[in-house]
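For reference, the structure is listed below as structure tokens.
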Protein chains: 2
Amino acid sequence: MLRTHTCGELRISDVNKQTTLSGWVQRLRDKGSVLWIDLRDRYGITQLIFEEGKTEAALLASARSLGREYVIQVEGTVVERLSKNDKIATGDIEVKVTKLNILNAAKLPPFTIEDDTDGGDELRMKYRYLDLRRNPVRESLQLRHKMAQQTRAYLDSQNFIEVETPVLIKSTPEGARDFVVPSRIHHGEFYALPQSPQTFKQLLMVSGFDRYYQIVKCFRDEDLRADRQPEFTQIDCEMAFITQEDILNTFEGLIRHLFKNVKGIDIPSVPRMKYDEAMRLYGSDKPDTRFEMKFVEITELTKGKNFPVFESAELVVGISAKGCSEYTRKQIDELTEFVKRPQIGAKGLVYVQYRTDGSIKSSVDKFYSQDDLKVWAERFNAQPGDLILLLAGEKNATRKQLNELRLLMGERLGLRDKNKFSALWVLDFPLLEWNEETKRYHAMHHPFTSPKPEDIHLLDTKPGEVRANAYDMVINGTEVGGGSIRIHDRPTQSMMFTHLGFTEEEAKKQFGFLMEAFEYGAPPHGGIAFGFDRLCSIFGGADSIRDFIAFPKNNAGRDVMIDSPSTISQEQLNELALLIKK
Amino acid sequence: MLRTHTCGELRISDVNKQTTLSGWVQRLRDKGSVLWIDLRDRYGITQLIFEEGKTEAALLASARSLGREYVIQVEGTVVERLSKNDKIATGDIEVKVTKLNILNAAKLPPFTIEDDTDGGDELRMKYRYLDLRRNPVRESLQLRHKMAQQTRAYLDSQNFIEVETPVLIKSTPEGARDFVVPSRIHHGEFYALPQSPQTFKQLLMVSGFDRYYQIVKCFRDEDLRADRQPEFTQIDCEMAFITQEDILNTFEGLIRHLFKNVKGIDIPSVPRMKYDEAMRLYGSDKPDTRFEMKFVEITELTKGKNFPVFESAELVVGISAKGCSEYTRKQIDELTEFVKRPQIGAKGLVYVQYRTDGSIKSSVDKFYSQDDLKVWAERFNAQPGDLILLLAGEKNATRKQLNELRLLMGERLGLRDKNKFSALWVLDFPLLEWNEETKRYHAMHHPFTSPKPEDIHLLDTKPGEVRANAYDMVINGTEVGGGSIRIHDRPTQSMMFTHLGFTEEEAKKQFGFLMEAFEYGAPPHGGIAFGFDRLCSIFGGADSIRDFIAFPKNNAGRDVMIDSPSTISQEQLNELALLIKK
């Protein structure tokens, strides 16, 4: 080893020891008579000291020649510091250097290697290997490592077997777009990269593996939105001979284990909410339950008073924001502008200020009396000092709009604390959802999700009302995982494919092996997959997943550090029998 | 749960308990008055009993209707068996069934689900999900899981951080062929799948991650040989601020930990052998050291006796096979045929039988006296009863031929016991190897391997003699891992690229980011990668890696179960701007 200790290791009890350290020059402070260098490695920072008169002149000169991020090896004696630093673990000591070996020089980095760097996003992506030297980024990846360790520890303890499924699989038209890989041996044919190991994990259940998991890379060639990556990691799990209840308990166990062992937090048992209720109370299938501010519907209270907007509305629904009754006109206008943004699409916003003096002021005073508004306020359980914000219109659209407003108000009121965690199971998702573009129903989860037996009779008449044995786990308003009890028999699976608009031939071509497998003794089974990148970012209290991925791609799907994707040689194209359309 | 116990769990102490079991019908034995069913799951087999007169008639009829591999759930009482089976853990008890629920029927499988199946390779691959039900295959994958667990446990204990590196990277012309992935957003550009995370793990060292590991899928689009897979898994590791000695100690530690914790075997500390010595003593850089039978060179002893073959030979070298002196003419002819096979390419084989009566008989008696042959035998340390087998010719070719013969003799003498394990470090590999096809030197390991400093002066004059700081771990004659101390400075790396025939432009285009990274403070570093599939197969005592991979591809790179690769839609091709050359 080019060191006897790491830079995070020496303590006051090590004083007088000889030590060899290796690391990076974090900073130099040259006071003329004394030169200090902060030496950094993954484990910490240790201060080195060189003194005019005491340190050999050549050594001192060599130390003075060092620049930031030089890689050096030093030998010396551990001494007690005169002025201690209680911010770092090695702050009681410093190392009096007797030998300095420059292992590698360094050009000045294009941005500072500090917690708050001066580097912009693009620059940090291009020099990702330097960005990774910064504490916050390294700590994010260390958190990820710990999350993976603890995930495996828990699942191992529950008798799950880790099985690697293939990466070179087959393209399926359902769902998002696949990345494909041309075959050199079979010209004109392609492998596809998996969007998830879904069919393989189901086959493992047919094989009797009973409990499977994998922390696995998956791929989606989607038009990238902010904070989406073309390759991402899932904690992928499947269990046989279980009911939905078993899955919920097992994976509630996982999440609680992770909070306990990674964050040291005991979270309470995870509450459950039906999809319908989540939509009704939060306008979202992934409500942020760190704060209440539940929706209150007052449609019937608003009728018959000649306010045309409410009169014609399918739904009048609102939230009550604690302590916001004294919002200024300008503040309320801002909220109105917010909900009228095209991404949100509300026509307007009605407010009811339940002022601290007990009076009520509203934007619909012309139509509703103080008594009317009092009744509303009671329905909201509002108190003097609260501000009721109301939206109206078509049910689903209005709920979605109000969800955005609720989240904004939660943010403004400081109710979305990154260090507070609230997990929730959302259950009983619809099986199918209507797609306006293709004018047909698509599987909301995926085509292998089982319908609730009691709803199957609705498949032909009211397909949109059929509920699935499907569940999502939501933490702090983000879906971190989802799954379902699967179909495990061929007739039901065939019926589902028919309802999803597959011809028998298409279904056979794409999933024939799975349907055939169901005929050789498939057990009841179900599973779940967690988005690992996102889960890590939530545990890390971050909005973006980017710093929880060592080498992420930018929003154009490009790795700007290695400059990929890139052209390949004509020889490679020829071997693959491919031509590029100009 | 659809069970209260697994099929491997019930014991004599559970007698009289009510139990619910779920699993597969392994076999039925119908004796008329009594019907037994072996119920199987991942955890074991439990015997079910149905008795004429005691079991309800409808239940008995239903049980009689079951076929092999039906999935059933039963309720019943645990009773002591009359005739116990000490071959299975549940052999003391059986379950008297009171309720039977057929969870799923099963068609008759195309091959038997038994340890020794009647299914051929292709059939088992097509129905891999059924093959995976067989004990030996499931146990191989369970072994793999345990290997992964223990690998992580050891590396975690050594402060390694698991970091995921990207799968969508950049194509590089050096080495084997890349699989490529066309970009839909950037037409005409491609990602490549990694042959290894080599450059990324080196960048992580530049980033200060200090110790990295990953159990990671890698990809090579090579013409498939038997037992090669286009996707394979590596234990990939890298360390900073280390010397070769530290790497050897750390990963000897890993292998010993695995033997101890997976197999319960204490292997001795791993011996080290230089590449030159391995070639001289075994004719191979991956010698099987489970047995001795080292090469003995007698070139100079054979000269001057007018035997033309030896007279003109650069090398005369042989092995002594214990107790084989009485081989018949036919047996020796077989060995001669073996070495003359075109794949081996020897011209002939000379034998010296040191007979049990002390006399010596040889195929070159005409040229060499008994005294001459005695001297040879002494050199071989041969005893009466031994058979000396000699090959002659050009040094390197002859050694390779004799290696094959040595392995054959080891096999014949039962010296290659799959339950015996012999690990070895092979050190000081050549840096470069001559490629007859391209007429230039290629990196033997990869272009980032550092030359031994004392050999750098030979790079221009005798490039083939430059040794590298490179090492392989060999177990039982199979290379299971290899690595090197890397170049960590730009000038040396540039020089290497030049010697490997890269133009400056090519080097910059392919590895510019790495060379640039070396200018920002790269620490000395090195690493190793183990072939995980192969390592598992050796621990499992198997010749093939196939059953240590859940869903392998066949020798044409095809997954015959899902039928991949396959054609994709014209729409997909259009989106990727690709045409297929007819």
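Quick look at the values:
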| item | result |
| --- | --- |
| Filter result (in contact with a Lys or Arg (Cβ under 8 Å, 6 or more places away or on another chain) and under 16 Å from A:F291 (Cα atoms)) within region A:253-277 | A:I267, A:V270 |
| Given (1) open to solvent by less than 30 Å² (accessible area, probe 1.4 Å); (2) over 30 Å from the mean Cα position of the chain (by Cα), number of the condition B:P552 does not satisfy | (2) |
| Test: residue in region A:22-31 that is part of a strand (DSSP E or B), surrounded by 15 or more Cβ atoms within 10 Å (Cβ to Cβ), of a type in the set (V, I, T) and within 14 Å of chain B (Cβ to nearest Cβ) | yes |
| First in region B:467-490 and of a type in the set (F, W, Y), second anywhere and part of a strand (DSSP E or B), Cβ under 8 Å, 6 or more apart | B:Y471/B:W425; B:Y471/B:V426; B:Y471/B:L427; B:Y471/B:G482; B:Y471/B:G483; B:Y471/B:S484; B:Y471/B:I528 |
| Leading residue by the ranking (farthest from the chain's Cα centre (by Cα)) among those in region B:151-180 that are open to solvent by less than 20 Å² (accessible area, probe 1.4 Å) and among the hydroxyl-bearing types (S, T, Y) | B:S171 |
| Pairs where the first residue, in region A:540-563, is more than 30 Å from A:I265 (Cβ to Cβ) and the second is open to solvent by 40 Å² or more (accessible area, probe 1.4 Å) and of a type in the set (K, R), C-beta under 6 Å, 6+ apart | A:V560/A:K126; A:M561/A:K126 |
| Selection within region B:153-165 - more than 10 Å from B:Y212 (Cα to Cα) and more than 7 Å from chain A (Cβ to nearest Cβ) | B:A153, B:Y154, B:S157, B:Q158 |
| Residue among B:R486, B:R399 that alone is open to solvent by less than 30 Å² (accessible area, probe 1.4 Å) and in the same structural domain as B:E326 (by TED's automatic domain parsing) | B:R399 |
| Of residues in region B:63-79 being open to solvent by 40 Å² or more (accessible area, probe 1.4 Å) and either farther than 19 Å from A:M205 by Cα or hydrophobic (A, V, I, L, M, F, W, C) (or both), the one farthest from the other protein chains (Cβ to nearest Cβ) | B:R64 |
| Helices (runs of 4 or more DSSP H) lying entirely in region B:246-342 (those with 2 or more residues that are closer than 23 Å to B:D417 by Cα) | B:275-282, B:329-340 |
| Index of the failed condition, A:F209 passing every other in (1) more than 7 Å from chain B (Cβ to nearest Cβ); (2) crowded, with 24+ Cβ neighbours inside 10 Å; (3) within 30 Å of B:P136 (Cβ to Cβ) | (1) |
| A:A522 being of a type outside the set (F, W, Y) and within 11 Å of chain B (Cβ to nearest Cβ) | yes |
| Positions within region B:555-582 being within 25 Å of the chain's Cα centre (by Cα), farther than 19 Å from A:Q202 by Cα, open to solvent by 10 Å² or more (accessible area, probe 1.4 Å) and within 7 Å of chain A (Cβ to nearest Cβ), in sequence order | B:A556 |
| Enumeration of residues in region B:80-136 that are within 9 Å of another protein chain (Cβ to nearest Cβ), over 31 Å from the mean Cα position of the chain (by Cα) and open to solvent by less than 70 Å² (accessible area, probe 1.4 Å) | B:L103, B:N104, B:A105, B:A106 |
| Close pairs (6 angstrom Cβ cut-off, 6 or more residues apart or separate chains): at the interface with another protein chain (Cβ under 7 Å from one of its Cβ atoms) and on the phi < 0 side of the Ramachandran plot in region A:166-191, open to solvent by 30 Å² or more (accessible area, probe 1.4 Å) and in a loop (DSSP other than H, G, I, E, B) anywhere | A:S183/A:E189; A:E189/B:T567 |
| Test: residue in region B:59-66 that is closer than 25 Å to B:P136 by Cα, touching a Ser or Thr at 6+ places or on another chain (Cβ under 8 Å) and outside any strand (DSSP E or B) | no |
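Residues checked against (1) within 20 Å of B:Q401 (Cβ to Cβ); (2) touching a His at 6+ places or on another chain (Cβ under 6 Å); (3) surrounded by 20 or more Cβ atoms within 10 Å (Cβ to Cβ):
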| residue | (1), (2), (3) |
| --- | --- |
| B:G283 | yes, no, yes |
| B:P287 | yes, no, yes |
| B:N306 | no, no, no |
| B:G323 | no, no, no |
| B:Q331 | yes, no, no |
| B:D357 | no, no, no |
| B:Y368 | no, no, yes |
| B:K374 | no, no, no |
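Every residue, every condition in (1) modelled with pLDDT of 95 or more; (2) in contact with a Leu (Cβ under 8 Å, 6 or more places away or on another chain); (3) part of a strand (DSSP E or B), yes or no:
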{"site": "A:A377", "(1), (2), (3)": "yes, no, no"}
{"site": "A:Q383", "(1), (2), (3)": "yes, no, no"}
{"site": "A:I388", "(1), (2), (3)": "yes, no, yes"}
{"site": "A:T398", "(1), (2), (3)": "yes, yes, no"}
{"site": "A:L405", "(1), (2), (3)": "yes, yes, no"}
{"site": "A:D417", "(1), (2), (3)": "yes, no, no"}
{"site": "A:V426", "(1), (2), (3)": "yes, no, yes"}
{"site": "A:E433", "(1), (2), (3)": "no, no, yes"}
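Condition check ((1) in contact with a Phe, Trp or Tyr (Cβ under 7 Å, 6 or more places away or on another chain); (2) within 29 Å of A:D276 (Cα to Cα); (3) surrounded by 15 or more Cβ atoms within 10 Å (Cβ to Cβ)) across all residues:
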site: A:K452; (1), (2), (3): no, yes, yes
site: A:L458; (1), (2), (3): no, yes, yes
site: A:E479; (1), (2), (3): no, yes, yes
site: A:T492; (1), (2), (3): no, yes, yes
site: A:F497; (1), (2), (3): no, yes, yes
site: A:E504; (1), (2), (3): no, no, no
site: A:F511; (1), (2), (3): no, no, yes
site: A:A517; (1), (2), (3): yes, no, yes
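The values are calculated or read from the model by the stated rules, or taken from the named source; none is laboratory data. Every value quoted in this text rests on a predicted model; they were computed, and no experiment measured them. Quick reminder, even Gly has a Cβ in these numbers, built from the backbone with ideal geometry, and neighbours come from all protein chains shown. Accessible surface is based on the protein model in full, side chains and every heavy atom, while ligands, DNA and RNA are left aside. Shrake-Rupley method; radii C 1.70, N 1.55, O 1.52, S 1.80 Å.
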